[in-house]
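Worksheet: the structure to be examined is printed underneath.
The values are calculated or read from the model by the stated rules, or taken from the named source; none is laboratory data. Given the structure is predicted, the values throughout are model-derived calculations rather than measurements. Every residue, glycine as well, gets a Cβ built from its backbone with ideal geometry; the counts of neighbours run over all protein chains shown. Accessible surface is based on the protein model in full, side chains and every heavy atom, while ligands, DNA and RNA are left aside. Shrake-Rupley method; radii C 1.70, N 1.55, O 1.52, S 1.80 Å.
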Amino acid sequence: MIVAGEASGEMYGAQIASAIRTLSPDTRFFGMGGNCMREAGVETLVDANVMAVMGLVEVVAHLPTIINGFNTLKNKLHTDPPDLLILIDYPDFNLRLAKVAKKAGIKVLYFISPQVWAWRSHRVHGIGRVVDMMAVLFPFEVPFYQKAGVPVTFVGHPLLDLVKPTMRRDEALASLGLDPQRRCVGLFPGSRLAEVKKLLPVILDAARILKERMPDLQFVLPRASSLKDEDLAPCLSGAGLDVAVIAGRNHDVMTACDAVIAASGTVVMELALVGVPHVIIYKMSKFTYEVGKRVINVPHIGISNIVAEKRMVKELLQDEAEPLPIANEIDALLNNPGYTAAMREDFAAMRVKLGSGGALGRVARLAMEMMK
């Protein structure tokens, strides 16, 4: 069973399933995921697209859906127990499912560690009781788990293999139907419907300010696999702005961009690996934010900034995530060559910290060893 709760996790789940099937062609997969996992031959008992919510208030609103999904997987663990449960990120849900699996005698491999080093660090002891192996993305996570006696393996970051642009900027622009002679700004509002509804109107307002300042700009928006065109239409139709919406070609879109407005998430790591200057934004309910400020122990929210251990990329959160500050930062990225050159140097240094590629292959081999 493979369980992933959002777009990036289910993309990894699909790759892991394919890698395991290469090693063991007769392996059967089922669990929770989206389009990528279905295309990889995973029977999705629960659709991850309806489960991807973030924030205390937002989770409460979706609680019936989340509980129903959990119960579906819990029942499957009892009625058709797998040889191995692979959990990908999505910690509050997945750690509860790990507990069910452990009681049922099912081995658990957890990929993409809960950020216990950032907040609620006491969870590490509970994790050790329900997880047989923790496969982590970052070297600094290993001693944290070793100190708590949790079996851990550093596998590296899968994006090192998955983020491989194949075109030059001018080629990417032309292939996307955009003008290679004009500068391009990417609008990346996230993969969860709730965050898109909250962030896309603000992003579009910022884009309008930029268009007024620099009429030559063109805009592109990569639609996440977890979203449909009709999810974006209400915001885009009344925006008064020409935005090219592209599905399924995220890395080509990144390559085409001179700068990007990005919702905090996995995409900021991808942008850093591609080397695209960007600004990180996020908004959540005031209650969630106030609680988070008191319990989170890291100085940044962007994972690339956390790995770099410095504020490579500006973060605009809550009241700062407004059209004018966003537009001002993109203006600086487009028109201050020294600023963007320093940012790209930081990106290159961060990449070195992530080690070599092959992360998902290592996870697949770990899985095979655990199923012996």
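One table, with the values for the structure above:
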item: Carbon/sulfur fraction of accessible area - region 180-264, other protein chains in place, 1.4 Å, %; result: 49 percent
item: FRET efficiency for SER175 and SER356, using Cβ-Cβ distance with R0 set to 35 Å, rounded to 0.05; result: 0.75
item: Two-site FRET efficiency, GLU345 against ALA247, from Cβ-Cβ distance with R₀ of 30 Å, rounded to 0.05; result: 0.40
item: Average accessible surface area per residue within the chain, 1.4 Å rolling probe, Å²; result: 43 Å²
item: Region 200-246, relative contact order [Cα under 8 Å, separation at least 6], %; result: 49 percent
item: Relative contact order %, the chain, counting alpha carbon pairs below 8 Å whose residues are six or more apart; result: 17 percent
item: Folded to 0 to 90 degrees: helix 63-79 orientation relative to the chain principal axis, Cα; result: 40 degrees
item: Shape call, region 149-202: gyration tensor on alpha carbons, a/c limit 1.5; result: oblate
item: Shape call, region 120-249: gyration tensor on alpha carbons, a/c limit 1.5; result: prolate
item: Added length on full extension, which subtracts the Cα-Cα distance from 0.36 nm per residue, ILE67 to ARG182; result: 36.6 nm
item: Projected label distance in nm at MET371 and GLU212, using a 7 Å step from Cα toward the beta-carbon; result: 5.8 nm
item: Rounded if a/c under 1.5, otherwise prolate or oblate - region 299-356, Cα gyration tensor axes; result: oblate
item: For the chain, with +1 on Lys and Arg beta carbons and -1 on Asp and Glu, the positive-most of ALA172, LEU210, VAL142 along the dipole; result: VAL142
item: Against the rule of thumb 2.2 N^0.38 Å, how large the Cα Rg of the chain comes out; result: 0.99
item: Paramagnetic reach from ASP319 (point 7 Å along Cα→Cβ, amide N under 20 Å) across region 188-218; result: 199, 202-203, 206
item: Tilt relative to the chain, helix 337-353 - C-alpha long axis, 0 to 90 degrees, to 10; result: 10 degrees
item: Cut-off 10 Å between beta-carbons: net charge of the residues surrounding ALA4, Lys and Arg +1, Asp and Glu -1; result: -3
item: In degrees, nearest ten, helix 193-213 long axis to first principal axis of the chain (Cα); result: 20 degrees
item: Over 31 Å between alpha carbons, listed pairs LYS99/LYS197; LYS99/LYS372; LYS283/LYS310; LYS228/LYS353; LYS283/LYS353; result: LYS99/LYS197; LYS228/LYS353
item: Helix-only mean residue ellipticity at 222 nm for the chain, each DSSP H run of n ≥ 4 adding -39500 (n - 2.57), per residue, nearest 500; result: -15000 deg cm²/dmol
item: Within a Gaussian network of the chain (alpha carbon springs, distance under 10 Å), most fluctuating of VAL100, VAL46, VAL279; result: VAL100
item: Label-point separation, LYS102 to SER24 (7 Å along Cα→Cβ), nm; result: 2.2 nm
